[in-house]
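Have a look at the structure below, then the notes.
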């Protein structure tokens, strides 16, 4: 389990990543709850094995998901996220991306 300092560093890294994407006119990347374990595993592999390929693939997947988020209001957005299983526990679900 990560401590509060490393969790905070991850949040800051994602904020900075999204700031850079936004400044370049690109869509932000959202890491849904159901994808959390996958995300942490690819980060670990990147840092421990210096293998960027799985990280890049994972980021491409969640970027496609994030780019396709839509909704006219909070209720329709929440409905869309529920259909994608975005709020599911990582041990109980898989991110669905059928757009």
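The values are calculated or read from the model by the stated rules, or taken from the named source; none is laboratory data. Treat the numbers as computed from the prediction; the structure is a model and nothing was measured. Quick reminder, even Gly has a Cβ in these numbers, built from the backbone with ideal geometry, and neighbours come from all protein chains shown.
Side notes on the structure shown:
- Positions within region 20-45 being closer than 14 Å to residue 64 by Cβ and part of a loop (DSSP other than H, G, I, E, B), in sequence order: 26, 27, 28, 29, 30, 31, 32
- Of all residues in region 63-72 being in contact with a helix residue (DSSP H, G or I) (Cβ under 9 Å, 6 or more places away or on another chain) and at pLDDT 90 or above, the one that is nearest to residue 14 (Cα to Cα): 63
- Breaking point among (1) over 23 Å from residue 9 (Cα atoms); (2) assigned to a helix (DSSP H, G or I); (3) touching a residue at least 24 places away in the same chain (Cβ under 8 Å), for residue 75: (3)
- Here 55, 87 are screened, and the one residue that is assigned to a helix (DSSP H, G or I), at pLDDT 90 or above and in contact with a helix residue (DSSP H, G or I) (Cβ under 6 Å, 6 or more places away or on another chain) is 55.
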